[in-house]
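Take a look at the structure below.
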Amino acid sequence: MTQSKGRTLAPDEILAVDQIFDQDDLDWAGVVRGWLDENVREQIGDWYLEGTIPARELAEGLGELGVLGMHLAGYGCAGSTATQYGLACRELEAVDSGLRSLVSVQGSLAMFSIHHWGSEEQKEEWLPRMAAGRAIGCFGLTEPDVGSDPAGMKTRATRDGSDWILNGAKMWITNSPVSDVMVVWAKTDEVNEKTGEKGLVRGFVVPTDTPGVEVPEVKRKISLRASITGEIVLDNVRLPESAMLPKASGLKGPLSALSEARFGIVFGVTGAARDALEEALRYTDTRIQFDRPLSSFQISQQKLAKAFGQYSSITLTAAHIGRLKDSSAGVRPEQISLGKMVNVDTAMNVCRDLRALFGGSGITSEYSPLRHAVNLETVLTYEGTHEVHQLTLGRAMTGIFGFAN
Ligand code: TGC
Ligand code: FAD
C-alpha cells in the first residue's frame, strides 16, 4: 500500500538557517544564487566534461555581481563582512568547486596579497580592474618539488642594479594560463632573521606578458575539471624594483593570503554538500523501485538523515568561524585549519554517500554529487592538505611541531 505523503521541509528550514545568519546576508546569498542559476548552473556539467571554464567571460560577470575581492575595502571592492563573503562562496561552490576557486584565487589570494602587502601604486594599478573582472590574477606559491613545505621553495629573485631577476617554476597554479597578473613568491638573498640564513621569501607582482614568463596548462585532471590550472615558468624575468610587494617579508606574506582563501573554503564546501542533499531529495522523491519512491525506503532515509546531520554541523562550524573572523578578536590560523579540515572531509563524505542513491544515473554529469565529491578531492589537497591541517591542530594542542619528526 502506498502511504500518503506528508508535508516536507527543506534542509535549511529544519536547520532554521535564518536563525544562524542575518536575513540581509541570506538575501545577498539569494542574489548570488539567482545570478548563478541564470548564467552558470545549466552549463557547468558540460564545462566539467570538457575540462574547462570560460574564465574571462565569467570573471566579468562575477565582477559585475560584486564578488571579486568583495571582502576588501576600497579600490572598487565592496568592503563586505567575512560572513557575507563566505555565503557567496557557499553559493559558488554549490554550483562547482572550480567556480569558487576562480573567485578565491582572484579575491583571497591575488587581490588580498596586493591589498594587504602592496604599495599604493600596485593597488591603484591592479585592484579596480581585478574587482571588475577585467584583469585575472593568480597566485604562485607551490613548485614542482615544493608543496606542503613552502619554506623550501627554489624560485629565486636576485638583484641586477635596481631590477629584480626571477628564475624558477611554479606548479598547479589555478588560472595561470588565463591570468593577466601573477603574485609570485620567491626567495631573495636577504637574510631571514628567523633562520639566520640567506633566503627571505618575498612577493612579486608580475604581469603575465613580461618576457621570460610562460604559463603552460596542466591537462588530464580528473578532479576540478571546470577550472583552468597551469604552471608558471620564470626564465630570467626582469622586473623593476617596484614589482616587489614592499610590506611582505617572510612566509607570513603568502600564509596570510592562504588564511583568507581557506576561510572561503570553510563556507564554500557547505554549498557543495547542500546541493548534493537537495539533488538527492529531488531524485529519491521521483525515482520508483519496487512500486515505491526511493525516498520511502528506510535505508534511503537513513542516508538522507545522516547527510543532513553532517551538512548541519559543517554549516554551523562555518557560521562560527565567520563570526570569529568578523569579531574584534579575529580568527586564528588554527581555527581556520579546524574548519578546513573538518568541513572539506565531511562535505566529501556527504557527496560520496549521497551519490549511491542515484544508482547508475549518479555516475553521469546529469547529477551533481559525484562531480562535487571528485572536486572535493582537490579541495582536500590544496590550500594546505588535510594532513597539514591535522598537524597544525596537533601543534596547537600539543605544542609539538609534528611536520618533520
Ligand atoms: P610558521 O612558522 O607556522 O609561520 C611562518 C610565519 O607565518 C605566520 N603565519 C601566518 N600568518 C598569517 N596567517 C596564517 N595562516 C599564518 N600561518 C603562519 C607565522 O606567525 C610566522 O610569522 P613570523 O612573523 O613568526 O615569521 O611556518 P611553518 O613553516 O612552520 O608552516 C608550516 C606549514 C606547514 C603550516 C605551512 O608551511 C603551510 O601552511 N603549508 C601548506 C602550504 C599550502 O597551503 N599551500 C597552498 C598553496 S596555494 C593553493 O593551494 C591555492 S589553491 C587555490 C584555489 O584554486 O582555490
Ligand atoms: P606534497 O606536499 O608532496 O604532499 C603529498 C602528500 O604527503 C600529502 O598527502 C601530504 O599531506 C603529505 N605530507 C607532506 N608533508 C607531510 C608531513 N610533514 N607529514 C605528513 N604528511 C605530509 N598552489 C598554488 O600555489 N597556487 C594555486 O593556485 C594552486 N592551485 C591548485 C589547483 C589544483 C587543482 C591543485 C591540485 C593544486 C593547487 N595548488 C596551488 C597546489 C596545492 O596547494 C598543493 O598541491 C598542496 O599544497 C600539496 O602540495 P603537493 O601537491 O606538492 O603535495
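The values are calculated or read from the model by the stated rules, or taken from the named source; none is laboratory data. Computed from a predicted model, the values in this text were never measured in an experiment. Glycine gets a Cβ as well: all are built from the backbone with ideal geometry, and neighbour counts include every protein chain shown. To get the accessible areas, we keep the full protein, side chains included, count just its heavy atoms, and leave off ligands, DNA and RNA. Shrake-Rupley method; radii C 1.70, N 1.55, O 1.52, S 1.80 Å.
Which whole-angstrom value gives the distance between the alpha carbon centres of the stretch 161-222 and the stretch 333-405?
A separation of 28 Å, based on Cα centres.
Seen from all sides and averaged, what is the projected area of the convex hull of the Cα atoms in the stretch 109-148, in nm²?
3.4
Could you work out the relative contact order of the chain, using alpha carbon pairs under 8 angstrom and six or more residues apart, expressed as a whole percent?
Contact order relative to length: 17 percent.
Heavy-atom accessible area per residue, the chain, 1.4 Å probe: how many Å²?
45
For the chain, modelled as a Gaussian network with Cα springs under 10 Å, which listed residue fluctuates most, 172, 126, 35?
Sorting by GNM fluctuation, first place goes to 35.
For the stretch 14-63, place one equal point scatterer on every Cα, skip the solvent, and apply the Debye formula. What is log10 of I(q)/I(0) at q = 0.20, 0.21, 0.29, 0.31 Å⁻¹?
One equal scatterer on each Cα of the stretch 14-63 leads to -0.78, -0.81, -1.07, -1.15.
Please list, or write none, the aspartates and glutamates whose alpha carbon is within less than 13 Å of the alpha carbon of residue 306, excluding same-chain residues fewer than 8 places away.
Leaving aside aspartates and glutamates fewer than 8 places away in the same chain, those within reach of residue 306 are 353.
Considering only DSSP states other than H, G, I, E and B, which trypsin sites (Lys or Arg not before Pro) in the stretch 6-45 qualify as loop sites with at most 11 other Cβ atoms within 10 Å?
In loop regions of the stretch 6-45 (DSSP not H, G, I, E or B), the sparsely surrounded trypsin sites (Lys or Arg not before Pro) are 7.
List every residue whose amide H lies under 5 Å from the amide H of residue 80, counting only residues 5 or more places away in sequence or on a different chain, with H placed 1.01 Å from N in the peptide plane.
71, 72
Would you mind checking the pairs 170/340; 252/325; 123/194; 219/340; 123/325; 123/340 and listing those with alpha carbons more than 22 angstrom apart?
170/340; 123/194; 219/340; 123/325; 123/340
In the stretch 175-215, what trypsin sites (Lys or Arg not before Pro) fall in a loop by DSSP, with at most 11 other Cβ atoms inside 10 Å?
Here the sparse-neighbourhood loop sites are 194.
Per the Kirkwood formula on distinct C-alpha pairs, the Rh of the chain is how many angstrom?
21.9 Å is the Kirkwood radius here.
Tell me the carbon and sulfur percent of the accessible area for the chain, rounded to whole percent, probe radius 1.4 Å.
Percent of accessible area from carbon and sulfur atoms in the chain: 51.
Provide the three semi-axes, in whole Å and in decreasing order, of the ellipsoid equivalent to the stretch 50-180 as defined by the square roots of 5 times the Cα gyration tensor eigenvalues.
Here the semi-axes work out to 26, 19, 14 Å.
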